[in-house]
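Asks: Below you'll find the structure I mean.
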Amino acid sequence: QPTTISMGAAAQTHLECRSSPHQPVTLFRSHILDSIAMSYLHLFETLIILHIAFGAPGLISFWVPVVGKKGSKLHKAWGKAFVIMMLVTGTCAVGMATLTLIDPIATHPKLDGHSEFSDPVLLRGIFGWMMLYLGILTMGFADYGLAVLRHKRERSALRRARYQLVMAAVVISGAWCA
């Protein structure tokens, strides 16, 4: 027989699943919402781990090409590593920001009930919008750095809409945070 799901209108809203007309199985809505919140938290924590795992070595790898001889194999290899690490770090930041904007309490449960930082609007502002800006900034400038190298003989290519849109996203997201 087909499974039916019906939503009750009582204060303790529940989902009722019936595998047969005589054997109802009830799942409380709060349990389902808690499961969704936990999956946000697990995904968020995974993104944090990746963010740190790629960001810390990325920040260190930045200095090798800076102090090394420009154009050398070492400079190119470490520069490429830096760009890849920053693109991954920025992508993780955008993911964390998106999850925070969707549900700030689920992604920051330790701040729930905190005297200063339990306000969802504040959490969205600091850990959502600002992290989104920083992620876009990181990815935008890593991408633009690659574009400068790719178009070093034809700088006019940097004025193409694709690059202008990336820089516009950086400026707009920064202005949104201001």
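The values are calculated or read from the model by the stated rules, or taken from the named source; none is laboratory data. Everything numeric in this text was worked out from a predicted model, so none of it was measured. FYI the Cβ positions are ideal-geometry reconstructions off the backbone, even for glycines, and counts take in every protein chain you see. Areas reflect the complete protein model, heavy atoms only, side chains present, ligands, DNA and RNA absent. Shrake-Rupley method; radii C 1.70, N 1.55, O 1.52, S 1.80 Å.
Asks: Taking K and R as +1 and D and E as -1, what net charge do the other residues with C-beta under 15 Å from the C-beta of Tyr163 add up to?
Replies: Values: positive: Arg150, Lys152, Arg155, Arg159, Arg160, Arg162; negative: Asp143, Glu154.
Overall, the nearby charge balance is +4.
Asks: On the full set of protein chains, 1.4 Å probe, figure out the accessible area of Ser118 and give it in Å² to the nearest 10.
Replies: My reading of the accessible area for Ser118 is about 40 Å².
Asks: How high is the FRET efficiency between Ala53 and Val166 when r is their beta carbon distance and R₀ equals 35 Å, given to the nearest 0.05? Write out the running numbers ahead of the final one.
Replies: Numbers: r = 25 Å, r/R0 = 0.71.
Computed FRET efficiency for Ala53 and Val166 comes out at 0.90.
Asks: Quick check: at a probe of 1.4 Å, how many percent of the accessible area of the range 100-141 sits on carbon and sulfur atoms?
Replies: On the way: 1600 of 2370 Å².
Reported share for carbon and sulfur atoms: 68 percent.
Asks: On to the next question. Lysines within cross-link reach of Lys80: Cα-Cα under 16 Å, excluding same-chain residues under 8 positions apart?
Replies: Within the straight-line cut-off, Lys80 pairs with Lys69, Lys70.
Asks: Next question, about the same structure. Would you mind computing, in nm to one decimal, how far apart the modelled labels at Lys76 and Arg159 are, each placed 7 Å from Cα along Cα→Cβ?
Replies: 3.0 nm
Asks: Could you state the accessible area per residue of the range 56-161 in Å², with a 1.4 Å probe and every protein chain left in place? Don't jump to the answer; show the numbers that get you there.
Replies: Working: 6490 Å² over 106 residues.
Solvent-accessible surface per residue comes out at 61 Å².
Asks: Given a 1.4 Å probe and the protein chains all in place, what does the accessible area of Tyr40 round to, in Å² to the nearest 10?
Replies: 50 Å²
Asks: With a ≥ b ≥ c taken as the square roots of the eigenvalues of the C-alpha gyration tensor of the range 26-178, please select rounded if a/c is under 1.5 and otherwise prolate if a/b is larger than b/c or oblate if it is not?
Replies: Working: a/c = 2.73, a/b = 2.00, b/c = 1.36.
Taking the square roots of the gyration eigenvalues as a ≥ b ≥ c, the range 26-178 is prolate.
Asks: How do Thr91, Thr107 rank by accessible surface area computed with a 1.4 Å probe, from largest to smallest?
Replies: Values: Thr91 80, Thr107 5 Å².
Sorted by accessible area, descending: Thr91, Thr107.
Asks: So, one more: Net charge within 13 Å of Val83 by Cβ-Cβ distance, Lys/Arg positive one each and Asp/Glu negative one each, not counting Val83 itself?
Replies: On the way: positive: Lys76, Lys80, Arg150; negative: Asp143.
Counting the neighbours of Val83, the net charge comes to +2.
Asks: Per 0.36 nm of contour for each residue apart, how much would the distance between Val67 and Lys110 grow if the chain were fully extended, relative to their Cα-Cα spacing?
Replies: Details: separation 43, 0.36 × 43 = 15.48 nm, distance 4.12 nm.
Answer, rounded to one decimal: 11.4 nm.
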